[in-house]
Amino acid sequence: MEGLAGGMLETRATYFSVDIECSGPVPGLYDMVSIGIVVVAPGPDGQLACGETLYLEIQPEGPRVDPGAMKIHGLTLEHLRAHGVSRRAAMLQITEWVRARVSPKTKPVFVGHNAPFDWSFVAWCFAAEDLPNVFGYKALDTKALATGKLGLHWFDSSKEVLHERLAMPAEDLTLKHRADYDAQYQAELLIRLLKA
């Protein structure tokens, strides 16, 4: 839990802002085709700050592809087959990367904007490879956090509304739906929400 002590943010968590792009609406039938992860942890001054970023593109394996979902992120099946890593390799790399960046005496916390969606794909990929989910079975949803911290209605917890309420720069529409960019934007959103 977080609390202010002498102006410093105390935490028992190392947050990992996660965004995924996929080939359809649900895991199993559709693939997670890319993932971006940004570390959010206290810096030397004790204040939360964005850290390193991991970005992976993943080879498709699922039985279905929704052309509408593929249009959102612009990755093609041909590109992913040629340049993506296998799902298993991705999960192993994520595990190693996260464990190496968890601050001492903290646990990794998966953070997403609409975390149930992104977490479901990540959790399914770990389970499909018979690997433990490095983030565990819980996730922090910044949409839900925003409704409580800012007194917003659920339908007003979009990034478009929050960038105004939290005085954030607008999203760069040329980079939006690239998983590493979205994870970075969501990491900044998390920091501002926790300080709100």
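The values are calculated or read from the model by the stated rules, or taken from the named source; none is laboratory data. In this text the structure is predicted, and so the values were computed from the model without any measurement. For neighbour counting, all protein chains shown are included, and Cβ atoms are generated from backbone atoms with ideal geometry for every residue, glycine included.
Starting from segment 92-103, take each residue that is modelled with pLDDT of 95 or more and among the polar types (S, T, N, Q) and list its partners that are outside any helix (DSSP H, G or I) and surrounded by fewer than 17 Cβ atoms within 10 Å (Cβ to Cβ), counting only C-beta distances under 9 angstrom and pairs at least six apart or across chains. Qualifying pairs under 9 Å: Gln93/Val85; Thr95/Leu131; Thr95/Pro132. Of the candidates Lys107, Lys143, the single residue that is over 19 Å from Tyr30 (Cβ atoms), of a type in the set (D, E, K, R) and touching a residue at least 60 places away in the same chain (Cβ under 8 Å) is Lys107.
Please specify each residue of segment 125-143 satisfying the condition of being buried (at least 16 other Cβ atoms within 10 Å of the Cβ) and either in a helix (DSSP H, G or I) or under 13 Å from the mean Cα position of the chain (by Cα) (or both). Once the filter is applied, which keeps residues that are buried (at least 16 other Cβ atoms within 10 Å of the Cβ) and either in a helix (DSSP H, G or I) or under 13 Å from the mean Cα position of the chain (by Cα) (or both), segment 125-143 yields Cys125, Phe126, Phe135, Ala139, Leu140, Asp141, Thr142, Lys143.
Of all residues in segment 90-109, none are outside any strand (DSSP E or B), touching an Asp or Glu at 6+ places or on another chain (Cβ under 9 Å) and acidic (Asp, Glu). Residue by residue through segment 102-130, note down the ones that are within 21 Å of Arg178 (Cβ to Cβ) and of a type outside the set (A, V, I, L, M, F, W, C). Scanning segment 102-130 gives Gly112, His113, Asn114, Asp118, Ser120. Looking at segment 1-76, what strands (runs of 3 or more DSSP E) fall wholly within it and have at least 1 residues that are closer than 22 Å to Ile94 by Cβ and at pLDDT 95 or above? Those strands (runs of 3 or more DSSP E) span 13-22, 32-42, 48-57. Within segment 128-152, the set of residues being more than 16 Å from Gly112 (Cα to Cα) and in contact with a strand residue (DSSP E or B) (Cβ under 9 Å, 6 or more places away or on another chain) comprises just one member, Ala128.
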